[in-house]
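Colleague: First the structure, then my questions, so here it is.
Nothing in this text is a laboratory measurement; each read-out follows from the coordinates by a stated rule. Keep in mind that this is a model prediction, so the values were computed, not measured. Every residue, glycine among them, receives a Cβ derived from its backbone with ideal geometry; neighbour counts consider all protein chains shown.
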Amino acid sequence: MKKISIAFILSLVVLLGAESCSKLEPTLPKNADLLDGSVDGLSSSENQQFLSGDKAFNDLVFTPETGLGPLFVATSCGSCHTGDGKGHPFTELTRFGQSDSNGNSFLAQGGPQLQHRAIPGYTPENLPTGATFSKLIAPVITGLGFLESVSDADILAMADPNDANSDGISGVPNWVSLPSYISPSAGAITQNGKYIHRFGKKASSYNLFHQTVKAYSQDIGITSLYEPHDTYSGLESDPEVSSQIIQNVVFYLHTLKAPVQRNIDDADVIQGKQIFVNIGCVSCHKESLTTSYSPIAAISNKVFHPYTDLLLHDMGESLNDGYTEGGALSYEWRTAPLWGLGLAKNSQGGELFLLHDGRAKSIEGALNYHGGEAVVARTNFFNLSDTDRKKLVKFLESL
Amino acid sequence: MRTLYQRLRSKKLQQYCFKIIIQSFFIFCLLAFNFSYSQIDSTLLKRVSRDTVKQGMNMDAVYNRPFLGLGKSPVSIGGYMEANWQHIGTNGVSEGHQFQFRRMTLFVASGIGKRIKFLSEIELEEGGKELGIEFAAIDFEFHSLLNLRGGIIMNPIGAFNQNHDGPKWEFTDRPISATQLLPATWSNTGFGLYGKQYSKNWMFGYELYLSGGFDNSIIANTQNKTFLPEAKKNPERFEEIASGLPLFTGKMAVKNKKIGELGLSYMGGVYNTFQEDGIVLDEKRRVDVFAIDFNSTLPKLNTFITAEWVNIFVQVPTTYTQQFGNRQQGGFIDIVQPVLRRKMLGWEKAVLNIACRFEYVDWNVGTFKSTGGNIGDQLWSVMPAISFRPNVQTVFRFNYRYMQQKDILNNPPSLTGGFIAGLSTYF
């Protein structure tokens, strides 16, 4: 009898323990500390597509059997875009061969993107002599659906090519011709048959679909219905990624939530933000933009805070790599959105790698390279008292 | 392209395997029936006593198992099963309650004649979805120092690979270094020699095998890392060597009955298909694995300690990304302390143990060429455990796992934790 009761009590303890065991499991980091996650209010079918896109983006690793390469830079989207955050120089990519707005003169030698890795048995590309180039690290990719939904008219309204207001800032959009597989979005504005592009460090991609198709082709060596040409042979091949997967990935990118600001009530953060406005950072890093209509309610007609104007700016000689894309000039860069900046270390291996190629190891370091149109803002920044500059940095780290 | 002949051959092999499995299942069902209803005289089934002189080293693990003899037949049979319940979560996301039937393994051994014996081990995993011959070899003994073994052999790398039976361990999971760094129960078609020598308290043993081995999948896989276990997925592994060159595995072990056992092992060879139909396609690339294993029982305290450490070197194409590492390392140490050894719940020789396993795995040892920073892709885990053994063959285990895993960039780790309870027994 005793035996049975001991056994019974033991089993009961185990079963009850089992019921409460999730309390002893690691907890979820706070939503504001994470970049991945979807916008609120998706329907269940939308949630499903988000999850499918998430899987394709992060877990779909290509191998030679599934079409990797033969020339490539990395094996999956997630390899470069870890945790949807800023990338690391380990997965940087190199583009080369175009020094002005007249197009790429090294297309025959593998331009514009260097595929410096190859599956066994193939020779990867080398940078041709005489070609100017830029190295690029992956940007944070959250909140892109909001950026995609800003109307062309809003972007144009921020542009000031001839510096009509004489503030020294003359942002311009990157006007580029559309590839045949892309249809312009509603309300698109054209100039000489060219359209405003907004994604990428030089704003050389039209929308998330365009960026995704290019990424499969140029970064992973994966052909699709849209970019059917193999980067090695130049020949057309069967699609190695389905159009459905591309759609899912684009949906995922479109519905990733915007980074959430932290420590909003901190006095230093509040003052730091005021300093950011006062010294002219907002001339380019625009705090608030508004989306136009979107079928996804959480994105439709919303004010959001990316700290960019999606325009190209002359950043001076120290950021002039001698390489460019589309109508941009080699010293022109799209204003980097500053949202998610405070979480950059969590996806860059605990260090900071800022600017297009990760050359700056701190926020102060990034400001050191702000020249051209940003020279006044830079001077203001370094003229701040130590305490004010710390407050400004604290504000940027709350983003 | 595989030739028609090869296809036929693999078809045949499949059919053959299938036959063996069906047959052993049949025997197993018969036995199970016997136990439950005792309609047939169960005294026909005799526990085959283990050969106490010959037991004792890791290399003996395949034969050092409880078997049931079938009357006067030379065939004896055995096996084990492992089933778990677990509730584990990573970074706040839990899979909820999981009941897992990890595996059932059947052994069929036969003393074919004087100094000739055969043993096979067939494993069914994931409720029968995965099915594999882990071991099926014939042994000829010429001398205790010279035995010939051929068939599907278990490569003697480290100690766990040969000594992996669930009921022997106090933990519900196999060590991560034995499943995610080295392939779990890594066996291949091959042959080789082994032998042993005793003198008073000392034992010495060696094993040398040539076998099939790895392939290009170890550096081209969806794990996005150099991953030796990927080669286990290749169904043609038992018939064809991807590189056309055999994998060499060798182990030396010494044991002192009072101190413990120390094993040094090496496994290496060319893994990639560098030529096909006589045409050279690629450079030869090697994989080399070095392992050291140790086990001991502390006097008086009876604390049992077992540990294994593995270093792996893989030649990765120079045109490749550092995503795929050229060096890996990892291992585990188990400490098992019996705390009660007496009659419990009606079992005469029951034992209650507390135990803990520490493990570490680094899939990519080195630094980034671009930044000089340390490459991550590593984890560590601690697993405290309580185990109860009503008898030697059966174990109930209750474990808690806490694990930190870092991605390749060394970003903040993902945290995994949770409880696992399980049961494993020889039958």
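Colleague: Remind me, relative contact order of chain A in percent, using alpha carbon pairs under 8 angstrom and six or more residues apart?
Modeller: Relative contact order, chain A: 21 percent.
Colleague: Computed on alpha carbon atoms, what radius of gyration and Dmax characterise the protein assembly as shown, expressed in Å?
Modeller: 31.7, 104
Colleague: Let me ask something else about it. Pairwise over distinct Cα atoms, reciprocal of the mean inverse distance: report the Kirkwood radius of the range A:208-337 in Å, one decimal place.
Modeller: 18.2
Colleague: Also, quick follow-up: Could you tell me which of the pairs A:LYS257/A:LYS302; A:LYS257/B:LYS406; A:LYS135/A:LYS361 are separated by over 20 angstrom between their Cα atoms in the structure shown?
Modeller: Listed pairs above 20 Å: A:LYS257/B:LYS406.
Colleague: Let me ask you something else. Would you calculate the volume per residue, in Å³, of the smallest convex hull containing every Cα atom of the range B:184-302? Mind dumping the intermediate values first?
Modeller: Numbers: hull volume 14.7 nm³, N = 119.
Considering the Cα atoms of the range B:184-302, their hull volume per residue is 123 Å³.
Colleague: Pop out the Kirkwood hydrodynamic radius of the range A:267-398 from its pairwise C-alpha distances, inverse of mean 1/r, in Å to one decimal.
Modeller: 15.9
Colleague: Based on a Kirkwood Rh over C-alpha pairs, give the Stokes-Einstein translational diffusion coefficient of the range B:40-426 at 37 °C and viscosity 0.692 mPa s in µm²/s.
Modeller: 148
Colleague: Only helical DSSP H runs with n ≥ 4 go in: add -39500 (n - 2.57) per run for chain A, normalise by residue count and round the 222 nm mean residue ellipticity to 500 deg cm²/dmol.
Modeller: For chain A, the value works out to -8000 deg cm²/dmol.
Colleague: Please give the FRET efficiency for A:ASP100 paired with A:ASP163, using the beta carbon to beta carbon distance and R0 = 22 Å, rounded to the nearest 0.05.
Modeller: On the way: r = 21 Å, r/R0 = 0.97.
After rounding, the FRET efficiency stands at 0.55.
Colleague: So for the range A:239-283, what percent of the C-alpha to C-alpha distances run longer than 14 Å?
Modeller: 69
Colleague: Provide a whole-number value for the mean count of partner chain Cβ atoms within 10 Å of the Cβ atoms in peptide A:77-84. Walk me through the numbers before you get to the answer.
Modeller: On the way: counts 0, 2, 4, 0, 0, 4, 4, 0.
Counting other chains' Cβ atoms within 10 Å and averaging over A:77-84 gives 2.
Colleague: Can you compute log10 of I(q)/I(0) for chain A with the Debye formula, treating each Cα as one identical point scatterer, at q = 0.06, 0.08, 0.15 Å⁻¹?
Modeller: Calculated log10 I(q)/I(0) at the listed q: -0.27, -0.46, -1.53.
Colleague: Here's something else I'd like to know. So what's the back-of-envelope 222 nm ellipticity for chain B, counting only DSSP H runs of four-plus at -39500 (n - 2.57) apiece and dividing by all residues, rounded to 500?
Modeller: Working: 2 runs with 38 residues, N = 427.
Result for chain B: -3000 deg cm²/dmol, rounded to the nearest 500.
Colleague: Quick one: Cα centre-to-centre distance for the range B:53-83 and the range A:295-339, in angstrom?
Modeller: So the two Cα centres are separated by 70 Å.
Colleague: So, one more: Cut-off 10 angstrom, C-alpha nodes, Gaussian network model of chain A. Which of A:LEU24, A:LEU156, A:LEU178 fluctuates the most?
Modeller: Among A:LEU24, A:LEU156, A:LEU178, the largest GNM mean-square fluctuation belongs to A:LEU24.
Colleague: Can you list, bin by bin at 10 Å, the percent of alpha carbon pairs in the range B:131-192, starting at 0?
Modeller: Reading upward from the zero bin: 20, 45, 27, 8.
Colleague: Estimate the FRET efficiency between A:ASP154 and A:ASN263 by the formula 1/(1 + (r/R0)^6), using the beta-carbon distance for r and 41 Å for R0, to the nearest 0.05.
Modeller: 0.90
Colleague: Follow-up. Using R₀ = 60 Å, calculate the FRET efficiency as 1/(1 + (r/R₀)^6) where r is the Cβ-Cβ separation of A:LEU28 and B:LYS114; round to 0.05.
Modeller: 0.40
Colleague: Right, here's the next one. Kindly give the semi-axes, whole Å and largest first, of the ellipsoid equivalent to the range B:51-151, taking each as the square root of 5 times a Cα gyration tensor eigenvalue.
Modeller: Three semi-axes, in Å: 36, 15, 13.
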